[in-house]
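The values are calculated or read from the model by the stated rules, or taken from the named source; none is laboratory data. Note that this is a predicted model, so its numbers are computed, not measured. Here the Cβ positions follow ideal geometry from the backbone for every residue, glycine too, while neighbour counts run over all protein chains shown.
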Amino acid sequence: MTIVKINLHKVHAERDLQAKGGQVKINNTASIKNVEEMEFSSEGKKGLRFTFTFDCDYQPNLGKIAVEGQVLFVESEENVKTILDSWNKDKKVPQEYMEQIVNAVLHKGNIQAVKISEEVNLPSPLPLPKLRKTA
C-alpha cells in the first residue's frame, strides 16, 4: 500500500479559561469515519480515501483539539476491493492496512496538535524533550 497524501479539512481548538489548574490528563484518539473509492486508477491499481478524526481531550475540562482529514492511498484493484468489502460489511479495515493508516493519522494529528496547543496555551499532547543537568 502506498500513502499518496494526507489532507486536512478541519482543525478546531478551544481552551476553557475558567478551568482550574492542577493535574492534566490528555486523551488522544484517532478513528476512521469513512472509506471510499477515489476517482483514480492506473494499470492494475486503484485509490481509496480514508476520512479520519484525531482528537485530544484535556481533562478536567481544560480544552480540546480536533483534527479531521483524509488519507489518500493507492493499492492493487484486488486489495482495494477487499478493503471496501470489509468496510461496507462491518465498518472495519483489515488489520494489515489499518495499522499503516492509523499510524499516518497519528503522525499528522500529533504534529498538528502540538502546533495548535502552543497557539491556544494548552499543554503539548506529546512529551517534549528536556535538557537535564548532569552531575
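Test E37 against the criterion of being surrounded by fewer than 19 Cβ atoms within 10 Å (Cβ to Cβ), in contact with a helix residue (DSSP H, G or I) (Cβ under 9 Å, 6 or more places away or on another chain), not β-branched (V, I, T) and not in a helix (DSSP H, G or I), and give yes or no. Steps first, answer last, please.
Numbers: surrounded by fewer than 19 Cβ atoms within 10 Å (Cβ to Cβ): yes; in contact with a helix residue (DSSP H, G or I) (Cβ under 9 Å, 6 or more places away or on another chain): yes; not β-branched (V, I, T): yes; not in a helix (DSSP H, G or I): yes.
For E37, the condition - surrounded by fewer than 19 Cβ atoms within 10 Å (Cβ to Cβ), in contact with a helix residue (DSSP H, G or I) (Cβ under 9 Å, 6 or more places away or on another chain), not β-branched (V, I, T) and not in a helix (DSSP H, G or I) - is met.
Looking at E78, E36, which is the one that is within 21 Å of the chain's Cα centre (by Cα) and of a type in the set (D, E, K, R)? Walk me through it before giving the result.
On the way: E78 fails: within 21 Å of the chain's Cα centre (by Cα).
Only one candidate qualifies: E36.
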Out of contact with any His (no Cβ under 9 Å at 6 or more places or on another chain) and in contact (Cβ under 8 Å) with a residue 12 or more places away in the chain: which single residue out of Q59, Q95, Q70 fits that description? Q59
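Given the criterion surrounded by 16 or more Cβ atoms within 10 Å (Cβ to Cβ) and either part of a strand (DSSP E or B) or touching a Gly at 6+ places or on another chain (Cβ under 9 Å) (or both), identify the matching residue among V102, V71.
Details: V102 fails: either part of a strand (DSSP E or B) or touching a Gly at 6+ places or on another chain (Cβ under 9 Å) (or both).
Just a single option satisfies the conditions, and that option is V71.
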State yes or no: is S76 more than 14 Å from L122 (Cβ to Cβ) and in contact with a Pro (Cβ under 6 Å, 6 or more places away or on another chain)? no
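Looking for whichever is out of contact with any Leu (no Cβ under 8 Å at 6 or more places or on another chain), farther than 16 Å from H9 by Cα and loosely packed, with under 14 Cβ neighbours inside 10 Å here; the options are K64, K91. Which one fits? Even if it seems obvious, please write down each step before you answer.
Details: K64 fails: loosely packed, with under 14 Cβ neighbours inside 10 Å.
Answer to the selection: K91.
Has the range 27-41 got at least one residue that is among the small types (G, A, S), at pLDDT 90 or above and either in contact with a Lys or Arg (Cβ under 8 Å, 6 or more places away or on another chain) or farther than 20 Å from K10 by Cα (or both)? Break it down into steps so the answer makes sense when it comes.
Initially, the range 27-41 is screened for residues among the small types (G, A, S), giving 30-31, 41.
Filter once more, keeping what is at pLDDT 90 or above: 30-31.
Subsequent filtering for residues that are either in contact with a Lys or Arg (Cβ under 8 Å, 6 or more places away or on another chain) or farther than 20 Å from K10 by Cα (or both) retains none.
No, the range 27-41 contains no residue that is among the small types (G, A, S), at pLDDT 90 or above and either in contact with a Lys or Arg (Cβ under 8 Å, 6 or more places away or on another chain) or farther than 20 Å from K10 by Cα (or both).
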